[in-house]
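**Q** Structure below; questions to follow.
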Amino acid sequence: MMPHTLLVPFDGSPLSKRALEYAVDEYDDVSIVVLHVIDPNDPGYSSAVDVDVRTEPLHGSDAWYDRAHEVEAQLFDEARELIGDIDGEVTTESTVGDPAREIVDYADAHDIDEIVIGSHGRSEASRTLLGSVAELVVRRSPVSVSVVRGSETR
């Protein structure tokens, strides 16, 4: 059965872009939810943009959250450009919290059929030391997860 609604976490990183492109290329007539999670523990607004924390608003301040939402709007514009025209619906969603937890919670609370997520594909020892959002999502997800690694999918 082909998924009807895909959840694609998106932070603007090359791997999140690849996951989004994979979702568009592999599934016809599908609805895609592009989810950005603002991690309050990440001074870089949970995005792949370069941030000089010396010149940005104080981490955790109202101005910091305002800036995080500005960055997020740019990410959503970029995601829409990557998606282009598809037969299905595209929506963008935002949440604040721990990325892995928020992705899993979103999939659980909404009508999501599959999560498509990018991953660096680190070795097991490296994952243990560094942690991995994709690894946690795969372990905790209530739905199927496609992990896009570079040019391959697992």
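**Q** What's the number of the condition GLN74 fails, among (1) in contact with a strand residue (DSSP E or B) (Cβ under 9 Å, 6 or more places away or on another chain); (2) within 28 Å of ASP113 (Cα to Cα)?
**A** Checking GLN74 against (1) in contact with a strand residue (DSSP E or B) (Cβ under 9 Å, 6 or more places away or on another chain); (2) within 28 Å of ASP113 (Cα to Cα), the one that fails is (1).
**Q** Additional query: Going through segment 28-37 one residue at a time, which ones are over 19 Å from ASP108 (Cβ atoms) and either in contact with a Lys or Arg (Cβ under 9 Å, 6 or more places away or on another chain) or crowded, with 20+ Cβ neighbours inside 10 Å (or both)?
**A** The one that is over 19 Å from ASP108 (Cβ atoms) and either in contact with a Lys or Arg (Cβ under 9 Å, 6 or more places away or on another chain) or crowded, with 20+ Cβ neighbours inside 10 Å (or both): VAL30.
**Q** Name every residue in segment 63-110 that is small (Gly, Ala, Ser) and either in contact (Cβ under 8 Å) with a residue 24 or more places away in the chain or within 19 Å of VAL143 (Cβ to Cβ) (or both), in order of residue number.
**A** Passing the criteria: ALA68, ALA79, GLY84, GLY88, SER94, GLY97, ALA100, ALA107, ALA109.
**Q** Taking segment 38-58, which residues are part of a loop (DSSP other than H, G, I, E, B) and surrounded by 14 or more Cβ atoms within 10 Å (Cβ to Cβ)?
**A** ASP39, PRO40, ASP42, PRO43, GLY44, TYR45, SER46, SER47, ALA48, VAL51, GLU56, PRO57
**Q** Next question. Give segment 1-14 a look and list any residue that's of a type in the set (A, V, I, L, M) and either surrounded by 21 or more Cβ atoms within 10 Å (Cβ to Cβ) or closer than 13 Å to ALA79 by Cβ (or both), or say none.
**A** LEU6, LEU7, VAL8, listed by residue number.
**Q** Something else now. In segment 27-79, what residues are hydroxyl-bearing (Ser, Thr, Tyr), within 18 Å of SER94 (Cβ to Cβ) and at pLDDT 80 or above?
**A** Of everything in segment 27-79, those that are hydroxyl-bearing (Ser, Thr, Tyr), within 18 Å of SER94 (Cβ to Cβ) and at pLDDT 80 or above turn out to be SER31, TYR65.
The values are calculated or read from the model by the stated rules, or taken from the named source; none is laboratory data. Note that the coordinates shown come from a computational prediction; the quantities given were computed from them, not determined experimentally. Glycine also receives a Cβ, built like all others from the backbone with ideal geometry; neighbour counts cover every protein chain displayed.
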